[in-house]
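All remarks here apply to the structure that follows.
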Amino acid sequence: MTTAGANRPAEGLLPTAGLVPQGKGHASVVRLREQWFIACLSQELRGAPLRTELMATPLVLFRDRDGKPAALLDRCPHRNVPLSLGSVADDGTLRCPYHGWRFDGAGRCRFVPSLTSQAEAKARDATALPVLEQDGFVWVYSAPTDGGAPPDKRPHTFAYLGAKDYTTVVQVVQAAGTMFSTLENALDVPHTAFLHRGLFRSESRGITITAKVERSGDRVQAEYVGEPRPPGLIGRILSPSGGIVTHFDRFILPSIAQVEYRIGSENHILVDSVMTPVTDFLTRVYAVVSFRARLPHFVIKPFVKPLALRVFQQDARILEQQTQTIHTFGGEQFASTEIDVLGRHIWRLLRAAEQGDAVGDERVEIPLVV
Amino acid sequence: MTTAGANRPAEGLLPTAGLVPQGKGHASVVRLREQWFIACLSQELRGAPLRTELMATPLVLFRDRDGKPAALLDRCPHRNVPLSLGSVADDGTLRCPYHGWRFDGAGRCRFVPSLTSQAEAKARDATALPVLEQDGFVWVYSAPTDGGAPPDKRPHTFAYLGAKDYTTVVQVVQAAGTMFSTLENALDVPHTAFLHRGLFRSESRGITITAKVERSGDRVQAEYVGEPRPPGLIGRILSPSGGIVTHFDRFILPSIAQVEYRIGSENHILVDSVMTPVTDFLTRVYAVVSFRARLPHFVIKPFVKPLALRVFQQDARILEQQTQTIHTFGGEQFASTEIDVLGRHIWRLLRAAEQGDAVGDERVEIPLVV
Amino acid sequence: MTTAGANRPAEGLLPTAGLVPQGKGHASVVRLREQWFIACLSQELRGAPLRTELMATPLVLFRDRDGKPAALLDRCPHRNVPLSLGSVADDGTLRCPYHGWRFDGAGRCRFVPSLTSQAEAKARDATALPVLEQDGFVWVYSAPTDGGAPPDKRPHTFAYLGAKDYTTVVQVVQAAGTMFSTLENALDVPHTAFLHRGLFRSESRGITITAKVERSGDRVQAEYVGEPRPPGLIGRILSPSGGIVTHFDRFILPSIAQVEYRIGSENHILVDSVMTPVTDFLTRVYAVVSFRARLPHFVIKPFVKPLALRVFQQDARILEQQTQTIHTFGGEQFASTEIDVLGRHIWRLLRAAEQGDAVGDERVEIPLVV
């Protein structure tokens, strides 16, 4: 048996599809450097250091003496222990739990206990990332900058956060999918009739509408023209009396999926889903929902979170299954049609952003039946 | 430490034996294409789609409007979600849970919701495998065929299933071993005295018998000549009065281990263990036990399943440990003797079948002590 | 999407840091051959075979008819089943559970059931390692020897085990760290003020002491001169009345961390931490604590094990986190200072031992503040 009984590597117990030729072994993953992503909610970061992850890289967040947030790679330069297991010293430095080395918000090594010589040295510094606190979120820039200088680029802002007559609700969820798949899912119209049956749309009312797609610079937008009021529960809540529907779906670089609905003149909802690529196949979504409505907001507000969660759980389940299938088959093999309205544009923009390329403008109109 | 402290790749936490030179990194794995394997029992496949696996490839089984079973790769061509999470539509097509694409039993895309243009397109088809329902089993062919035409080759049939005076019992079990190791185990005589002590054989009665081995075409058979009645529990059940024993062990391509005993003129048992390679290191066994016996069958039948299960649990435990050991040591290193009567022939036939080669006939006689 | 949507390998779900350039992919792992390591306590090895692991290699330990321990690779040469699932036969051979092959303590195949020809053959032998039982430990040599001859080299001995006026306590623990990291941790002074705050040292008393380091042959020693009595709980237990402190830390090849304290003339403690590299990233520590003290030993002894365990749990947690961080970042990136007194010498000696090189003598004095 020793000679003959050997034709396959004993690679491990994880199965990969052996019946069919393997896929190309690729997945729609981008790693966007020099971009702002939400690391956590402001309220999550208090006195203790907080561990988080961005593109599979562990980060430690902490606040210095003035309450200013900072972000370092979560690895002590000395013996590679996570700094997030440490504590913030009285001088506002972050102290490693192993030997007590201390780092300031710029990552500089400020103190090495027991050492009689100078503690500060470049090799002992931790890597720091620019941090910005805004709108109740702690944003982290996905690359160190020269000398820690803040980048010119600013994070996304939320148009109706704190605006008169608007109520805003924030919801944080996670999906086991690539950021691309999660973005496409958030902006995809046809799946709502199936996956979220009864919540948004019924199977089909046979009405042909038009998606007017416009891509330019850092974004792509689809305007849906001719759309009737959604017949499901959300529609009834938004506009009990019916009315003209204005519906935009937008992707904005680096990671914002924006859905905007106006029904009649009084109802307006804007959902900004800001995505953080936690790892290549895990995406966190900070959903900021601002609405103005005919109904009293105290009536609507209790429904927003449960409804958003229900929808998201259905999406998250599908995205997880998609990810597992892609891994089992050794890569993605997607077939698209013209009604995958925004997917190819989102991907084009993401890839261009990853590689520093510019993307030309494009306009197209696509009919679809709802 | 940065310069000097580095001489091993930090490959992961899974241990591989570091004290001894690694094995050749191979295992007795074959991937047999264009063969019939049992995918499930007929009774397991009802109204809902059923997920199963063949050679680590997820398959979805479903029945169309006429109840005819079909098998597709369990991956929607659109966004690679498992079709088995979907449902069978009223028209007998399988519907993806994500966007509602529908596929017929041949894998053809029949409908894309919201699409105004033609849904059917080759790139949107799912891969289908030929399926055949026979003897209460759903058989799947391990390769697509041109235009989905049924292959000429037919699945294995069970000689005494439904035969007069015979009772048949079916048992399904799984072992964490390669299909080769599971087949060799099912047809190996010497291990029964140890692993199944008391059930079949005692340690040794010092009787020398002869194994007459004949290999030809798609099979190999060992006839054991001079074998006394098994002394253990199974022997006592089979033939309380003793008698001449006729014993054949056979391997039949692609995956059948057949054990046949005649004790006296009245007792006859045929066990067909039909194996399905679920993954490279996981094998499902459909054991079809047909027997005719001196004792009333209602007396024997209650013992067959528990005994078979007991034996199989002992085998499954050993096969799992064997698999783990092979992985830890980086591959198989088997030493054989002449009383590993069928192993090398099984392997020869499997490898030839995998590569489309013919295997010459062979006859040999081997003495062994029982 | 099929063409454009593909730029990253779908390697698996395990994250590796994607935000920063990966480390060099190395870790401080050595695999020391031809060395003695403790395989188990004598009392753990009784009538049944015992599975253990050395450098990720499964071993089976068993005692022959005379009670003499033996060690074989835990893999039957026949079908690669773990021999540790078998049993010791009446003749003191180890019997495989699958087909009953029997092996003596030197690994020789002595019997193959059912075989009519000669059982003994070199290809059927199991690999044996030299074994020595001493001081209540079963030691295994980390390489086979020619013809199984015992090596000249002898295992480490414990200076005060059984000595007059001394009490000895043995404690076995495990850490999820490389042997190097676990050794450095056991002999590192600065971390005790942080990680074990309150147990050994307080944060700092501002006293500058001197570490006199001497490296020669198979060891390196640091003598700490000018050290005041430890202020923490251990200090109060050791020497309630104060006194001059003599403190040595030693690393002795292949895997012994030795800490020696004398406080005053009456108190003396020697801790030998003998390490076994279970896998590259898992280290077992056999801690042999011998002490002579002013206080009655029955008063001290109950504190030794709980204190040692408390200290070790803190160390084990840090080592595990260090290991995880190293894997996440793709390798070690350690920055050291001069007060990492013994680390670089331990590494130098380990690497030289692995490669069979000699290491020159070295003497150095290092100031540090405690």
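The values are calculated or read from the model by the stated rules, or taken from the named source; none is laboratory data. Everything quoted here is computed from the prediction, not taken from an experiment. Don't worry about glycine lacking a Cβ; one is built from the backbone with ideal geometry, like all the others, and counts go over all protein chains shown. Accessible surface areas use protein heavy atoms only, side chains included; no ligands, DNA or RNA. Shrake-Rupley method; radii C 1.70, N 1.55, O 1.52, S 1.80 Å.
Restricting attention to the stretch A:132-158, the residues being outside any loop (DSSP other than H, G, I, E, B), within 23 Å of A:GLU53 (Cβ to Cβ) and away from every other protein chain (no Cβ under 14 Å) number 7.
Give the number of residues within the stretch B:163-187 that are surrounded by 15 or more Cβ atoms within 10 Å (Cβ to Cβ) and free of Cβ contacts under 8 Å to residues at least 24 places away in the same chain. Total meeting the criteria: 0. Restricting attention to the stretch B:106-126, the residues that are within 26 Å of the chain's Cα centre (by Cα) and over 20 Å from A:LEU19 (Cα atoms) total 0. Apart from one condition, B:ASP91 fits all of (1) surrounded by fewer than 21 Cβ atoms within 10 Å (Cβ to Cβ); (2) facing chain A (nearest Cβ under 8 Å); (3) in a loop (DSSP other than H, G, I, E, B); the exception is (2).
For the stretch C:244-278, the set of residues classified as modelled with pLDDT under 95 and in a strand (DSSP E or B) consists of C:VAL245, C:THR246, C:HIS247, C:TYR261, C:ARG262, C:ILE263, C:ASN267, C:HIS268, C:ILE269, listed by residue number. Kindly provide the set of residues from the stretch A:330-359 that are more than 26 Å from B:PRO82 (Cβ to Cβ) and either touching a residue at least 24 places away in the same chain (Cβ under 8 Å) or charged (D, E, K, R) (or both), ordered by number. Selection gives A:HIS345, A:ARG348, A:LEU349, A:ARG351, A:ALA353, A:GLU354, A:ASP357, A:VAL359.
Restricted to the stretch C:127-162, and to residues that are among the acidic types (Asp, Glu) and loosely packed, with under 13 Cβ neighbours inside 10 Å, which residue is farthest from the chain's Cα centre (by Cα)? For the stretch C:127-162, the residue satisfying everything is C:ASP146.
Of all the criteria given as (1) open to solvent by 20 Å² or more (accessible area, probe 1.4 Å); (2) not in a loop (DSSP other than H, G, I, E, B), the one not satisfied by B:PHE37 is (1). When B:GLU354, B:GLU362 are screened for being farther than 30 Å from C:THR127 by Cα, surrounded by fewer than 22 Cβ atoms within 10 Å (Cβ to Cβ) and within 11 Å of another protein chain (Cβ to nearest Cβ), only B:GLU354 passes.
Among the residues of the stretch C:299-313, not a single one is surrounded by fewer than 21 Cβ atoms within 10 Å (Cβ to Cβ) and either part of a strand (DSSP E or B) or within 14 Å of chain B (Cβ to nearest Cβ) (or both). Candidates A:GLY67, A:GLY12, A:GLY107, A:GLY100: the one that is at pLDDT below 95, on the phi > 0 side of the Ramachandran plot and of a type outside the set (S, T, N, Q) is A:GLY12.
Quick check on my filter: what residues within the stretch B:322-370 are assigned to a strand (DSSP E or B) and either of a type in the set (Ser, Thr, Tyr) or within 27 Å of B:ARG197 (Cβ to Cβ) (or both)? Break it down into steps so the answer makes sense when it comes.
Step one: of the stretch B:322-370, the residues assigned to a strand (DSSP E or B) are B:362-369.
Selection gives B:ILE366, B:PRO367, B:LEU368, B:VAL369.
Residues that are within 18 Å of C:LEU282 (Cβ to Cβ) and open to solvent by less than 10 Å² (accessible area, probe 1.4 Å) within the stretch C:40-52 comprise just one, C:CYS40.
Annotation: of all residues in the stretch B:53-87 being open to solvent by 40 Å² or more (accessible area, probe 1.4 Å) and either of a type in the set (Gly, Ala, Ser) or more than 9 Å from chain A (Cβ to nearest Cβ) (or both), the one that is nearest to B:ILE252 (Cα to Cα) is B:LYS68.
Consider A:ARG284 carefully, then state whether it is under 30 Å from A:TYR160 (Cα atoms), within 11 Å of chain C (Cβ to nearest Cβ), open to solvent by 30 Å² or more (accessible area, probe 1.4 Å) and of a type outside the set (Ser, Thr, Tyr). Spelling it out, it is not the case that A:ARG284 is under 30 Å from A:TYR160 (Cα atoms), within 11 Å of chain C (Cβ to nearest Cβ), open to solvent by 30 Å² or more (accessible area, probe 1.4 Å) and of a type outside the set (Ser, Thr, Tyr). Among the residues making up the stretch A:181-196, those that are among the hydrophobic types (A, V, I, L, M, F, W, C), more than 7 Å from chain B (Cβ to nearest Cβ) and part of a helix (DSSP H, G or I) are A:LEU183, A:ALA186. Against the numbered list (1) among the charged types (D, E, K, R); (2) within 10 Å of chain C (Cβ to nearest Cβ); (3) buried (at least 23 other Cβ atoms within 10 Å of the Cβ), A:ARG344 comes up short only at (3). Among (1) away from chain C (no Cβ under 11 Å); (2) farther than 26 Å from A:GLU227 by Cα; (3) touching a residue at least 60 places away in the same chain (Cβ under 8 Å); (4) open to solvent by 60 Å² or more (accessible area, probe 1.4 Å), there is one condition A:ALA316 misses while meeting the rest; what is its number? Just one mismatch for A:ALA316, condition (4).
One line per residue, one yes/no per condition, for (1) touching a helix residue (DSSP H, G or I) at 6+ places or on another chain (Cβ under 9 Å); (2) at pLDDT below 95:
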residue: C:GLN22; (1), (2): no, yes
residue: C:SER28; (1), (2): yes, yes
residue: C:TRP36; (1), (2): no, no
residue: C:LEU45; (1), (2): no, no
residue: C:ALA48; (1), (2): yes, no
residue: C:VAL60; (1), (2): yes, no
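For C:GLU338, are the conditions met, namely being within 14 Å of chain B (Cβ to nearest Cβ) and under 16 Å from A:HIS78 (Cα atoms)? So C:GLU338 fits the description; yes.
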